[in-house]
1. Out of region 80-106, which residues are hydrophobic (A, V, I, L, M, F, W, C) and away from the ligand (no atom under 12 Å from the Cβ)?
2. In the set Asp72, Asp105, Asp65, Asp131, which member is among the acidic types (Asp, Glu) and within 17 Å of the chain's Cα centre (by Cα)?
3. If I go through region 61-79 residue by residue, how many of them are within 21 Å of Ala19 (Cβ to Cβ) and either more than 10 Å from the ligand (Cβ to nearest atom) or of a type in the set (Ser, Thr, Tyr) (or both)?
4. Please specify each residue of region 115-129 satisfying the condition of being surrounded by 18 or more Cβ atoms within 10 Å (Cβ to Cβ) and either in a helix (DSSP H, G or I) or of a type in the set (D, E, K, R) (or both).
5. Could you identify the single residue in His127, His115 that is in contact (Cβ under 8 Å) with a residue 12 or more places away in the chain and out of contact with any strand residue (DSSP E or B) (no Cβ under 8 Å at 6 or more places or on another chain)?
6. Can you tell me which condition Thr58 does not meet? The list is (1) more than 8 Å from the ligand (Cβ to nearest atom); (2) part of a strand (DSSP E or B); (3) within 21 Å of Thr190 (Cβ to Cβ), and all the others hold.
7. Could you name every one of the helices (runs of 4 or more DSSP H) located completely within region 148-256 that has at least 2 residues being at pLDDT 95 or above and under 30 Å from Ser103 (Cβ atoms)?
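The values are calculated or read from the model by the stated rules, or taken from the named source; none is laboratory data. The structure presented is a predicted model; accordingly, all values stated were derived computationally and were not measured. Backbone-built Cβ (ideal geometry, glycine too); neighbour counts: all protein chains shown.
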Amino acid sequence: MSLKENSSEKRKYWDKRAAAYNKLSWVKNKTLSVIADEAGQYNKCLDLGCGTGAVLKTLISLNGDAEYVGIDISDSMSKDHELYQVKNIDLDILTPEDIIKISPDLVTARMVMHHITNPGELVNVLHSGLDNNAKFILCEGVVPSSDGEIVDWYTEMFKYKEKRHTFLPETLLSLFDQEKWDVKLQKVVTRDNSLSNWINNSGISADNQPIIRDMHFDAPESVVKAYNFKRTTNGDILMDWEFVILTATVKSNFVM
Ligand SMILES: C[S@@+](CC[C@H](N)C(=O)[O-])C[C@H]1O[C@@H](n2cnc3c(N)ncnc32)[C@H](O)[C@@H]1O
């Protein structure tokens, strides 16, 4: 399959998800305020995989003087953008020159790195294109434990949703060369997330929805504990989700 066809397959997948995306309760969760706190002072923000603009709209509401640009592969996901500029670029083929042209001093990326073919390569592209002291704030959902049974369950379950990477906090850290970046990692836990809300609104095929639901109801005890599963009387499961927010700053003493 050529790279072009690849991009169009990805675009089709995200275009289909656009209508239901904002019904996902996690989209407005507290990771937004942690990202905003980490952002500090900046003049131009680039949001990678901006989607429906949850991150950009939060930052704009707090710092209306800065400039804002989003990148997203899907025009349907990112069409609501009067307040910022959107570029439809596949992040798998982003270049340092693209970054230099936009010249942000802040880059954000919430819940997009697990979709990128080579996340480490994207981090290197950012490093090559950003100026010293520019900041990159990355936010990803992570497996809540490095226990093999839990990691395997998570990876297997997500196979029924989409092709993606499984991240642990240490996998995210390993994307950054500590000689080139100053890195800080924070964990955020959100409580009582509804399994049904997620299954119904996250683009899982009709055939795979019951498989994913059953995998939760039949999950091993280690998974039930790690996610603090609570079964409800209306057939839902409420669960705790863990996110990592990693703030990486380009070191000013880096010499090629
Ligand atoms: C899970 S959504 C996250 C949206 C937004 N960052 C948020 O936090 O609400 C992932 C977004 O990344 C975009 N995306 C996925 N793969 C991409 C790629 N290879 N290049 C550019 N955008 C991509 C999708 O279109 C989608 O809008």
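1. Kept after step one, since they are hydrophobic (A, V, I, L, M, F, W, C), are these residues of region 80-106: 83, 86, 89, 91, 93-94, 99-100, 102, 106.
Leu83, Ile99, Ile100, Ile102, Leu106, listed by residue number.
2. On the way: Asp105 fails: within 17 Å of the chain's Cα centre (by Cα); Asp65 fails: within 17 Å of the chain's Cα centre (by Cα); Asp131 fails: within 17 Å of the chain's Cα centre (by Cα).
Among Asp72, Asp105, Asp65, Asp131, only Asp72 is among the acidic types (Asp, Glu) and within 17 Å of the chain's Cα centre (by Cα).
3. 4
4. Within region 115-129, the first condition is being surrounded by 18 or more Cβ atoms within 10 Å (Cβ to Cβ), and the residues that meet it are 115-116, 119, 122-123, 125-127, 129.
His115, Pro119, Leu122, Val123, Val125, Leu126, His127, Gly129, listed by residue number.
5. Working: His127 fails: out of contact with any strand residue (DSSP E or B) (no Cβ under 8 Å at 6 or more places or on another chain).
Every option except His115 fails the conditions.
6. (2)
7. Working: elements: 148-159, 169-173, 195-201, 209-217, 221-226.
Correct list: 169-173.
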